[in-house]
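Worksheet for the structure shown next.
The values are calculated or read from the model by the stated rules, or taken from the named source; none is laboratory data. Note that this is a predicted model, so its numbers are computed, not measured. Virtual Cβ from ideal backbone geometry, glycine too; neighbours counted across all protein chains shown. SASA here: full protein model, heavy atoms, side chains in, ligands and nucleic acids out. Shrake-Rupley method; radii C 1.70, N 1.55, O 1.52, S 1.80 Å.
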Amino acid sequence: MTRNQLLLAIDKSEAGQAAVDFTIGFAARSKAHVTVLHVRELPSSMRVPPLESSDEARTLVEESVARINEAGVPAEGMIYTTREPNVAKCIVGTADEFGCNGIVLGWHRLRGIHRLGGRKVREQAMRLSKLPVV
């Protein structure tokens, strides 16, 4: 029997917290297991510091997993670290690796030149994945 599996990719934005709430409701109704993923972005330039520390990233994931578990939905968390241009690839690759049925994105970051060009994680993930992306 195949289990329902959702990948919830979040950042520290309000969109990330809204996605946690959405995922709790959706996963509870569909009896899905949730994998919470946070991709800690490293800037393209080594001279620019990361947006957050490893401890901040771990706290974000732990708090999100705790909220989901408290709602009665099974969840686990993970953190990957990669350079900015690879964030969407990391999200889609993780969803494939875990055999997910869908991806929920709570991601709202735009940094550097991506702000000007409009390249967003959501659009890149939708283009790269065959799964439904919410």
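Summary table
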quantity: Residue match in region 101-119 (condition: open to solvent by 30 Å² or more (accessible area, probe 1.4 Å), at pLDDT 90 or above, more than 15 Å from residue 40 (Cα to Cα) and touching a Leu at 6+ places or on another chain (Cβ under 8 Å)); calculated: yes
quantity: Number of positions in region 25-44 that are in a helix (DSSP H, G or I) and crowded, with 21+ Cβ neighbours inside 10 Å; calculated: 1
quantity: Only listed residue being at pLDDT 95 or above and touching an Asp or Glu at 6+ places or on another chain (Cβ under 9 Å), chosen from 58, 40, 67; calculated: 67
quantity: Residue identified as buried (at least 17 other Cβ atoms within 10 Å of the Cβ) and either touching a helix residue (DSSP H, G or I) at 6+ places or on another chain (Cβ under 6 Å) or at pLDDT below 95 (or both) among 87, 48; calculated: 87
quantity: Residue within region 2-23 that is under 19 Å from residue 132 (Cβ atoms), modelled with pLDDT under 95 and loosely packed, with under 13 Cβ neighbours inside 10 Å present; calculated: yes
quantity: Members of region 25-47 found to be without any contact (Cβ under 8 Å) to a residue 60 or more places away in the chain, more than 17 Å from residue 87 (Cα to Cα) and not hydroxyl-bearing (Ser, Thr, Tyr), listed by number; calculated: 25, 27, 28, 29, 31, 33, 34, 47
